[in-house]
Amino acid sequence: MTRYRRRTAHRSRRDDPTSDQRPRIVVVGGGFAGFYATRSLHRLVRDQARVTLVSPADFLLYSPLLPEVATGVLDPRDIAVPLRQALPGVHQLYGHVTAVDLDSRTVRISPRDSAPHDLAWDRLVLAPGSVTREFDIPGMPEHAHGLKTLPEATFLRNHVLAQLDRADALPDTDAGRREREELLTVVAVGAGYTGTEFVAQTQHWVRGIASRWTTVDPADVRWLLVDVATQVLPELGPRLGRAALKILQRRGVEVRLGVTVSAATGTSVTLTDGTVVATRTLVWSAGVAPSPLIAALGLPTSRGRLVVDADLSVPGHTGLWAAGDAAAVPDLAGMTTADGQVPVTAPTAQHAQRQGVVVARNVAASLGIGSSKRYRHRDLGLVADFGGTAAAARPLGIPLTGPAAKVVARGYHLYALPTIPARIRVATDWLYASILPTRVVQLDTVRAEDAVIRSAQSTGIYADT
Ligand SMILES: Cc1cc2nc3c(=O)[nH]c(=O)nc-3n(C[C@H](O)[C@H](O)[C@H](O)COP(=O)(O)OP(=O)(O)OC[C@H]3O[C@@H](n4cnc5c(N)ncnc54)[C@H](O)[C@@H]3O)c2cc1C
């Protein structure tokens with residue numbers, strides 16, 4: 001038998017799950033936690049177990065750079081890291097896991113274009129991440145857009161351009177002026193990093209492409225950022241929050257704290273203080289909620305996140321682990337609360353990535369390979385980019401703003417992108433963006449109905465949603 005035939009015979013025996021007697025490890029979710037779990041598991045268990053990754057898409061989305069896709073600084077493909085290339089040799093299935101049977105040890109996979117089927121597991125790692133947190137607010141499901149996926153980022157970019165283009169073409173009549181006000185107002189709910197970065201970067205971008213319009217001046221656009229909290233960017237602490245607020249206000253962004261949206265229509269939003277704002281653009285970034293798959297499990301949760309021990313295992317269920325935004329992981333490096341409770345880790349990529357590596361180690365340990373460990377990581381600090389040279393960062397607790405923060409923010413993203421080709425693509429696009437005219441064409445159009453949260457984030461596909 002030639003070497004090629006021997007190799008293909010060996011591979012096809014291994015790819016046939018019925019003849020493969022090795023333990024079956026299934027990882028659900030190809031985001032930060034799932035990707036790093038799969039990559040580490042593949043290296044640790046080698047041929048001693050069959051590792052399968054189940055993901056709806058064939059890429060890891062580097063979501064911290066989504067606002068830069070929404071402003072065309074980056075091409076969508078720059079932040080979509082191909083799973084097949086980054087995880088060679090790993091068995092991959094594309095589709096959503098819509099149910100987990102803990103007794104028969106199977107997951108139900110619903111591919112986009114074919115019939116659902118079951119997959120058996122001996123070890124299961126759940127890392128389905130989170131979705132945009134929705135509230136029971138009239139009009140929100142139909143009119144609010146999240147910023148969690150590439151279709152949403154692409155839609156928002158095209159939508160903002162289209163609103164300004166339409167306003168540019170309106171006659172100077174009473175009706176025209178009324179419509180212009182709706183078209184030229186952008187409302188973002190949630191002053192965390194997603195909402196703040198979106199407003200700041202989009203405002204900066206629109207100012208930089210003023211020559212696209214003849215009657216519309218970017219200064220005519222009303223940017224409104226609202227949040228029930230009393231601070232902008234609470235993730236970065238009060239000092240940087242105040243600095244971010246000043247940057248936004250200097251740029252003419254209206255920041256309304258202590259209020260939120262109570263109703264939305266296609267042409268207005270009503271705030272909880274009774275103010276009605278005429279707008280056709282409502283961006284929803286008021287926090288995240290764990291993937292609805294977690295609620296469908298019927299297991300104990302904390303604020304919707306699956307309760308796990310410090311080694312990321314699900315208590316009382318041998319062979320089951322969870323990591324990332326979907327899991328309530330005890331934060332052993334955090335400060336215990338006044339009543340002696342250990343806090344849980346924040347839903348960040350920084351934690352998800354490191355939890356992925358630890359969960360892989362612990363799954364391997366359950367197979368007798370190496371030893372297990374508890375998850376412990378001290379936060380390295382977050383970064384926020386406001387477009388241009390404006391940014392805020394708190395690396396290792398040191399507060400920075402301006403160009404120094406920008407360098408830290410960009411350096412952090414280049415370090416955190418999981419592959420070298422992705423780093424080169426992003427760095428090259430940043431270089432182009434700094435020397436070439438800003439990109440303004442509307443490509444990859446996404447229909448408005450495909451960009452509402454339920455469709456873009458597939459939140460309605462689970463048994464009890
Ligand atoms: C705009 C934005 C900016 C951000 N900025 C930062 C930042 O600066 N720093 C930082 O640390 N964090 C940041 N975050 C948060 C960070 O992206 C998340 O904390 C991180 O992605 C969580 O990793 P995860 O693996 O838990 O989930 P994800 O990375 O979201 O991955 C979950 C994966 O599971 C898949 N999935 C979902 N449901 C299923 C299912 N039923 N079956 C199979 N697969 C499923 C998803 O498609 C996805 O591939 C930002 C997030 C956003 C949206």
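No value in this document is a laboratory result; all are computed from the given coordinates. Since the structure is predicted, the reported quantities are computational estimates derived from the model, not experimental observations. Note that each Cβ is placed from the backbone with ideal geometry, even for glycine, and that neighbours are counted across all protein chains shown.
Odds and ends about this structure:
- Note on 294, 398: ascending count of other Cβ atoms within 10 Å places them as 398, 294, the fewest first.
- Residue 440-residue 265 pseudo-label distance in nm [points 7 Å out on the Cα-to-Cβ vector]: 3.3 nm
- Among 113, 58, a tally of other beta-carbon atoms within 10 Å of each Cβ gives an order, fewest to most, of 113, 58.
- Residues listed by number, the range 67-82, amide nitrogen under 17 Å from residue 431 label point at 7 Å toward C-beta: 74-75, 78
- Distance between the pseudo-spin-label points of residue 108 and residue 317 (7 Å out from Cα toward the beta carbon): 1.6 nm.
- One chain, two ends: residue 415 and residue 220. Fully extended at 0.36 nm per residue, the span grows by 66.4 nm beyond their Cα-Cα distance.
- The radius of gyration of the Cα set in the range 269-377, together with its Dmax, comes out at 18.0, 62 angstrom.
- Its Cα gyration tensor gives the chain an equivalent ellipsoid. The semi-axes, each the square root of 5 times an eigenvalue, are 40, 24, 22 Å from largest down.
- From its DSSP helices (H runs of at least four residues, each -39,500 (n - 2.57)), the chain gives a residue-normalised ellipticity at 222 nm of -10500 deg cm²/dmol.
- Peptides 251-261, 236-246 ranked from most to least packed, by the mean per-residue count of other Cβ atoms within 10 Å: 236-246, 251-261.
- Radius of gyration and Dmax over the Cα atoms of the range 336-465, both given in Å: 20.1, 56
- Using only alpha carbons, the range 377-453 has a radius of gyration to Kirkwood radius ratio (Rg to Rh) of 1.06.
- Structural descriptor for the chain: relative contact order 19 percent, calculated from alpha carbon pairs under 8 angstrom and at least 6 residues apart.
- Label point distance in nm, residue 93-residue 136, each placed 7 Å from Cα along Cα→Cβ: 3.6 nm
- Put in line by how crowded their Cβ is, counting other Cβ atoms within 10 Å and starting with the fewest, 196, 389 read 389, 196.
- Descending by average beta-carbon neighbour count within 10 Å, the peptides 27-36, 452-461, 347-356 line up as 27-36, 347-356, 452-461, the highest first.
- DSSP-defined beta bridges in the range 23-120 - what % are antiparallel, rounded to 5: 55 percent
- Contact order normalised by residue count of the range 14-81, Cα under 8 Å, 6+ apart, percent: 31 percent
- The order of the peptides 299-311, 222-234, 427-439 by mean Cβ neighbours within 10 Å, most packed first, is 222-234, 299-311, 427-439.
- Share antiparallel - DSSP beta bridges, the chain, percent rounded to 5: 50 percent
- Residue-span extension gain [residue 396 to residue 20] - 0.36 nm each, minus C-alpha spacing: 130.7 nm
- The range 78-157, Cα convex hull volume normalised per residue, Å³: 161 Å³
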